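Participant: Okay, handing you the structure first.
The values are calculated or read from the model by the stated rules, or taken from the named source; none is laboratory data. Treat the numbers as computed from the prediction; the structure is a model and nothing was measured. Using ideal geometry, Cβ is built from the backbone for each residue, glycine included, and neighbour counts are taken over all protein chains shown.
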Amino acid sequence: MVTGYGAVTPLGLNVEDTWRNLVAGVSGVGYISLFDATDFKVKIAAEVRGFDPADYLDATTARRNDRFAQFALVAGMQAIDAAGLKVDDTNRYNIGVLIGSGVGGLDALAEQLDVLKTRGPTRVSPFLVPMMIADSASSQVSIKMGIRGPNFGLISACATGTDALGVAYKMIKWGEIKAMVAGGADGAVTPVGFAGFTQSGALSRNNEPQKASRPFDMERDGFVVGEGGAVLVLESLDYARYRDANIIAEVIGYGATSDAFHITQPMESGEAAAKAIELALAGVERNEVDYINAHGTSTPLNDASETKAIKKAFGDMAYKIPISSAKSMLGHMMGAAGAIEAIVCCKVINEGVIPPTVNLEHPDPECDLDYVPNVARDGDVRIAISNSFGFGGHNSVIAIGRYDGQ
Amino acid sequence: MMDVFEEVKKALCKANPGLDESKVVSGALLKDDLDIDSLDLVEVAMTLEDVFSLTLPEDEMENIATVGDIVSVIEARLKVKSG
């Protein structure tokens with residue numbers, strides 16, 4: 001059961017602001033402000049704007065956490081608060097944390113590499129390692145909230161957020177834990193990270209910020225780096241009932257496969273991705289799926305192969321299901337992407353509105369499904385799936401359903 | 001000559017920006033009174049090494065419990081240096 005969520009995104013410092021902007025078709029992409037991008041070929045990103053850690057965290061906690069972990073902390077605190085989950089001596093060992101990160105504390109590492117080179121090993125910060133390690137997102141939430149069940153990270157590139165939710169869901173389903181605080185966080189808008197992504201050829205070279213992320217459009221030419229954190233509270237039905245929690249929606253399935261093909265390119269046929277969709281929908285009829293939140297990165301390869309995967313998994317039904325890409329507005333929040341997109345699925349189910357895929361102006365014959373172009377649409381959605389794929393051939397899909405209260 | 005205590009106080013406040021300066025007295029316990037843990041102490045030592053242009057031996061830093069202990073280690077080192 002999903003009983004709470006929180007998020008810090010390029011479209012807002014909480015879920016409600018983010019959702020409102022998504023429905024309105026607002027783009028969170030702009031020129032890079034976090035570093036001087038003069039010498040960079042790509043000068044745009046979807047940055048989290050107006051985020052001051054001091055608004056949420058004491059000075060020591062803020063300073064001892066890399067930006068990605070700050071996002072995780074704030075989104076985690078929001079989620080736990082929204083779930084009305086009081087952590088105390090009666091339950092602290094029954095709750096776990098699993099907030100993944102695609103790259104961890106890249107900024108901290110880059111900064112201390114400079115110190116190492118210019119001032120030598122005895123001047124490297126004792127906080128480098130605790131700030132850099134990707135599991136610090138989970139650990140810091142555990143420390144802050146007094147949660148003593150398992151806490152660990154998980155990394156599967158851009159599928160991280162979805163895999164974290166999927167694993168948390170399974171841990172609860174198997175009866176290992178009553179509740180999990182799960183999601184993803186990344187803050188990779190740093191010079192070295194950016195240079196690396198640019199060189200890998202995956203980023204859009206479009207320097208018109210709000211037009212650059214254009215999933216499924218003929219003129220798409222790469223993704224836009226985003227950042228942020230998104231966290232959900234998942235718990236068993238028994239525990240949610242026991243503490244009389246408000247149930248927002250229900251995770252009903254999770255599937256994960258690998259392309260076994262290439263380190264950055266997806267398998268063109270979408271075969272393994274289709275298999276992940278099928279696994280997530282075990283026991284669900286294809287015609288019961290009312291919405292697909294696409295991975296939809298805006299890279300030429302992803303959007304074409306994802307379309308093939310959807311067709312393979314759904315057959316002719318594929319043409320009838322509304323599909324949209326939140327990345328057209330949020331950019332690619334990396335490890336947080338799957339988690340914010342799961343939150344979007346919850347909102348779609350509860351609000352009856354499907355946010356659009358913006359910048360879809362020139363249809364691509366290879367992408368011929370219903371991507372809800374440019375304008376939000378009303379929709380009665382009972383079951384939604386969220387696709388996440390990642391460098392390394394990860395295909396992860398989570399299925400979320402309306403909770404009817406039976 | 002630099003006031004060792006004042007420099008130690010500055011380094012402690014830098015390591016813990018939320019620190020109430022009036023609490024930084026010679027007998028104050030680093031961990032219990034000032035919320036300075038072992039990682040902070042490494043940072044404090046690095047700051048002070050730069051300020052006084054000296055090296056603080058790890059074994060001497062390990063036994064430090066109070067603000068006064070840090071001051072003593074530095075004063076001893078400065079004496080070795082000038083002597």
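Participant: Kindly check whether there is at least one residue in the stretch A:58-72 that is surrounded by fewer than 17 Cβ atoms within 10 Å (Cβ to Cβ) and more than 14 Å from every other protein chain (Cβ to nearest Cβ).
Facilitator: No; the residues of the stretch A:58-72 include none that is surrounded by fewer than 17 Cβ atoms within 10 Å (Cβ to Cβ) and more than 14 Å from every other protein chain (Cβ to nearest Cβ).
Participant: Another question about this same structure. From (1) under 23 Å from A:V124 (Cα atoms); (2) at pLDDT 95 or above; (3) among the hydrophobic types (A, V, I, L, M, F, W, C), pick out the condition that doesn't hold for B:F5.
Facilitator: Result: B:F5 fails condition (1) only.
Participant: Turning to a different aspect of this structure: Report yes if some residue within the stretch A:193-203 is at pLDDT 95 or above, surrounded by fewer than 24 Cβ atoms within 10 Å (Cβ to Cβ) and polar (S, T, N, Q); otherwise report no.
Facilitator: No, the stretch A:193-203 has no match at all.
Participant: From the list A:V115, A:V141, pick out the single residue that is of a type outside the set (D, E, K, R), in contact (Cβ under 8 Å) with a residue 12 or more places away in the chain and over 30 Å from A:P266 (Cβ atoms). Explain how you work it out, then say what you get.
Facilitator: Working: A:V115 fails: in contact (Cβ under 8 Å) with a residue 12 or more places away in the chain.
Just a single option satisfies the conditions, and that option is A:V141.
Participant: Let me ask something else. Just the residues that are hydrophobic (A, V, I, L, M, F, W, C) and under 16 Å from A:L232 (Cα atoms), please, taken from the stretch A:160-192.
Facilitator: Initial filter on the stretch A:160-192 (hydrophobic (A, V, I, L, M, F, W, C)): A:164-165, A:167-168, A:171-172, A:174, A:177, A:179-182, A:185, A:188-189, A:192.
Matches in the stretch A:160-192: A:A164, A:L165, A:V167, A:A168, A:M171, A:I172, A:I177, A:A179, A:M180, A:V181, A:A182, A:A185.
Participant: A follow-up question, please. Among the residues of the stretch B:30-52, is there at least one that is assigned to a loop (DSSP other than H, G, I, E, B), more than 12 Å from the chain's Cα centre (by Cα), more than 12 Å from every other protein chain (Cβ to nearest Cβ) and surrounded by fewer than 13 Cβ atoms within 10 Å (Cβ to Cβ)?
Facilitator: No: the stretch B:30-52 contains no residue that is assigned to a loop (DSSP other than H, G, I, E, B), more than 12 Å from the chain's Cα centre (by Cα), more than 12 Å from every other protein chain (Cβ to nearest Cβ) and surrounded by fewer than 13 Cβ atoms within 10 Å (Cβ to Cβ).
Participant: Next question. Taking the stretch A:95-125, which residues are surrounded by 14 or more Cβ atoms within 10 Å (Cβ to Cβ) and more than 21 Å from A:N65 (Cα to Cα)?
Facilitator: Scanning the stretch A:95-125 gives a single hit, A:I95.
Participant: Additional query: In this structure, does A:A212 turn out to be of a type in the set (A, V, I, L, M, F, W, C), surrounded by fewer than 20 Cβ atoms within 10 Å (Cβ to Cβ) and over 18 Å from the mean Cα position of the chain (by Cα)? Walk me through it before giving the result.
Facilitator: Values: of a type in the set (A, V, I, L, M, F, W, C): yes; surrounded by fewer than 20 Cβ atoms within 10 Å (Cβ to Cβ): no; over 18 Å from the mean Cα position of the chain (by Cα): yes.
Against the criterion (of a type in the set (A, V, I, L, M, F, W, C), surrounded by fewer than 20 Cβ atoms within 10 Å (Cβ to Cβ) and over 18 Å from the mean Cα position of the chain (by Cα)), A:A212 does not qualify.
Participant: Looking at the structure I just gave you, is A:K327 farther than 24 Å from A:P209 by Cβ and of a type in the set (K, R)? Outline the logic, then answer.
Facilitator: On the way: farther than 24 Å from A:P209 by Cβ: no; of a type in the set (K, R): yes.
No, not satisfied.
Participant: Look through A:G315, A:G331, A:G352 and report the one residue that is more than 21 Å from A:A280 (Cβ to Cβ), surrounded by fewer than 24 Cβ atoms within 10 Å (Cβ to Cβ) and not acidic (D, E). Walk me through how you get there before you give the answer.
Facilitator: Values: A:G315 fails: more than 21 Å from A:A280 (Cβ to Cβ); A:G331 fails: surrounded by fewer than 24 Cβ atoms within 10 Å (Cβ to Cβ).
Only one candidate passes the filter, namely A:G352.
Participant: Of everything in the stretch B:8-29, what is out of contact with any Cys (no Cβ under 9 Å at 6 or more places or on another chain), more than 14 Å from every other protein chain (Cβ to nearest Cβ), without any contact (Cβ under 8 Å) to a residue 60 or more places away in the chain and crowded, with 16+ Cβ neighbours inside 10 Å? Give them in sequence order.
Facilitator: If the condition is that a residue be out of contact with any Cys (no Cβ under 9 Å at 6 or more places or on another chain), more than 14 Å from every other protein chain (Cβ to nearest Cβ), without any contact (Cβ under 8 Å) to a residue 60 or more places away in the chain and crowded, with 16+ Cβ neighbours inside 10 Å, then B:K9, B:K10, B:A28 are the ones that fit.
Participant: What about A:T307, is it over 24 Å from A:A282 (Cα atoms), among the β-branched types (V, I, T) and either touching a Lys or Arg at 6+ places or on another chain (Cβ under 6 Å) or surrounded by 17 or more Cβ atoms within 10 Å (Cβ to Cβ) (or both)?
Facilitator: Details: over 24 Å from A:A282 (Cα atoms): no; among the β-branched types (V, I, T): yes; either touching a Lys or Arg at 6+ places or on another chain (Cβ under 6 Å) or surrounded by 17 or more Cβ atoms within 10 Å (Cβ to Cβ) (or both): yes.
Judged against the criteria, A:T307 is not a match.
Participant: Going through the stretch A:314-352 one residue at a time, which ones are assigned to a helix (DSSP H, G or I), touching a Gly at 6+ places or on another chain (Cβ under 9 Å) and either closer than 18 Å to A:G390 by Cβ or of a type in the set (D, E, K, R) (or both)? Working first, answer last.
Facilitator: Quick first cut of the stretch A:314-352, residues assigned to a helix (DSSP H, G or I) only: A:314-320, A:327-330, A:334-351.
Next, from what is left, pick out any that are touching a Gly at 6+ places or on another chain (Cβ under 9 Å): A:327-330, A:334-343, A:348-349.
Those that are assigned to a helix (DSSP H, G or I), touching a Gly at 6+ places or on another chain (Cβ under 9 Å) and either closer than 18 Å to A:G390 by Cβ or of a type in the set (D, E, K, R) (or both): A:K327, A:L330, A:M334, A:G335, A:A336, A:A337, A:G338, A:A339, A:I340, A:E341, A:A342.
Participant: Can you confirm whether the stretch B:56-76 contains a residue that is outside any helix (DSSP H, G or I), in contact with a Ser or Thr (Cβ under 9 Å, 6 or more places away or on another chain), within 22 Å of A:L128 (Cβ to Cβ) and within 14 Å of chain A (Cβ to nearest Cβ)?
Facilitator: Checked the stretch B:56-76: no residue is outside any helix (DSSP H, G or I), in contact with a Ser or Thr (Cβ under 9 Å, 6 or more places away or on another chain), within 22 Å of A:L128 (Cβ to Cβ) and within 14 Å of chain A (Cβ to nearest Cβ).
Participant: All but one of (1) touching a strand residue (DSSP E or B) at 6+ places or on another chain (Cβ under 8 Å); (2) part of a loop (DSSP other than H, G, I, E, B) hold for A:A260, so report the exception by its number.
Facilitator: (1)
Participant: Out of A:N302, A:N293, report the one residue that is at negative phi and out of contact with any Phe, Trp or Tyr (no Cβ under 9 Å at 6 or more places or on another chain).
Facilitator: On the way: A:N302 fails: out of contact with any Phe, Trp or Tyr (no Cβ under 9 Å at 6 or more places or on another chain).
Step by step, each of A:N302, A:N293 is checked, and only A:N293 is at negative phi and out of contact with any Phe, Trp or Tyr (no Cβ under 9 Å at 6 or more places or on another chain).
Participant: Just one of (1) surrounded by fewer than 17 Cβ atoms within 10 Å (Cβ to Cβ); (2) over 13 Å from A:S142 (Cα atoms) trips up A:R92, so point out which.
Facilitator: With respect to (1) surrounded by fewer than 17 Cβ atoms within 10 Å (Cβ to Cβ); (2) over 13 Å from A:S142 (Cα atoms), A:R92 is out only on (2).
Participant: Just checking, which of A:L154, A:L165 is surrounded by fewer than 24 Cβ atoms within 10 Å (Cβ to Cβ), within 24 Å of A:T257 (Cα to Cα), within 23 Å of the chain's Cα centre (by Cα) and aliphatic (A, V, I, L, M)? It would help to see each step written out before you state the result.
Facilitator: Numbers: A:L165 fails: surrounded by fewer than 24 Cβ atoms within 10 Å (Cβ to Cβ).
So the residue among A:L154, A:L165 that is surrounded by fewer than 24 Cβ atoms within 10 Å (Cβ to Cβ), within 24 Å of A:T257 (Cα to Cα), within 23 Å of the chain's Cα centre (by Cα) and aliphatic (A, V, I, L, M) is A:L154.
Participant: Now, a different point. Can you tell me which residue among A:G390, A:G338, A:G331 is under 22 Å from the mean Cα position of the chain (by Cα), at positive phi and not assigned by TED's automatic domain parsing to the domain that holds A:D163? So that I can check it myself, show each step before the final result.
Facilitator: On the way: A:G390 fails: at positive phi; A:G338 fails: at positive phi.
Matching residue, one of A:G390, A:G338, A:G331: A:G331.
Participant: Would you say A:S136 is hydroxyl-bearing (S, T, Y) and away from every other protein chain (no Cβ under 14 Å)? Give the steps one after another, and end with the answer.
Facilitator: Numbers: hydroxyl-bearing (S, T, Y): yes; away from every other protein chain (no Cβ under 14 Å): no.
No.
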